[in-house]
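The values are calculated or read from the model by the stated rules, or taken from the named source; none is laboratory data. This structure is a prediction, so every number in the text was calculated from the model and none was measured. All Cβ positions, glycine included, derive from the backbone under ideal geometry; neighbour counts span all protein chains shown.
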């Protein structure tokens, strides 16, 4: 299996930072990414954050570079690549940054236009840009936090402080039982009946509600609840 390399600098075997930085404009024969997005995510309870970058090309990707808004040597550059001369390439890539403090992520990833360039297995250059900002909806307020619920007819409810919620993701899990449930809803949803038979009596579950805004940025609130015997 080809080794997937995640690096914070352009690998010398693939290209140099100076060469890449001098060629971050679209070319006439460049391929375009089929999908390209960059989102900002905050955990409101842990007070940490991360940046997620996702892309998909028309054919296998040999390497990809993401260049920050400055577009020069001092830009933040994230690299992805596959090793081996017989590689079939990456169909898509997903980069998740580390999750330090919110302030550190905000400082290291400025708002603006990020440039994504790469090379396909056939040798074609691939190019795209993605707009990034850190706008967020207000954090979810989970009404079911620290509550005792009926395992047969459990209802999870939450409220939103503003209207900037495009979609909602709900997660319920218990690591000891190795069970988990994830569901998505429209942004105006405020409660959900959990499926009958999913919850076990006398058990504590972790609960997370994520609000996704129009830009795709995510803010998550987490807590737990217990089921009655």
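Listed values, structure above:
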| read-out | value |
| --- | --- |
| Condition met for residue 123 (part of a loop (DSSP other than H, G, I, E, B) and not assigned by TED's automatic domain parsing to the domain that holds residue 32) | no |
| Set 164, 176: member being in contact (Cβ under 8 Å) with a residue 12 or more places away in the chain and either closer than 15 Å to residue 149 by Cα or in a loop (DSSP other than H, G, I, E, B) (or both) | 164 |
| Unmet requirement for residue 134, which otherwise passes all of (1) over 30 Å from residue 63 (Cβ atoms); (2) touching a strand residue (DSSP E or B) at 6+ places or on another chain (Cβ under 6 Å) | (1) |
| Condition check for residue 141: exposed (fewer than 15 other Cβ atoms within 10 Å of the Cβ) and either closer than 24 Å to residue 51 by Cα or more than 22 Å from the chain's Cα centre (by Cα) (or both) | yes |
| Given (1) under 24 Å from the mean Cα position of the chain (by Cα); (2) at pLDDT below 75; (3) not in a strand (DSSP E or B), number of the condition residue 45 does not satisfy | (2) |
| Options 106, 117, 149: the member that is buried (at least 16 other Cβ atoms within 10 Å of the Cβ), at pLDDT 90 or above and not assigned by TED's automatic domain parsing to the domain that holds residue 205 | 117 |
| Selection status of residue 214, under 28 Å from residue 37 (Cβ atoms) and out of contact with any strand residue (DSSP E or B) (no Cβ under 8 Å at 6 or more places or on another chain) | yes |
| Segment 186-200, residues that are within 30 Å of residue 135 (Cβ to Cβ) and loosely packed, with under 15 Cβ neighbours inside 10 Å | 186, 188, 190, 191 |
| Members of segment 162-212 that are over 23 Å from the mean Cα position of the chain (by Cα) and under 22 Å from residue 43 (Cα atoms) | 190, 191, 192, 204, 205 |
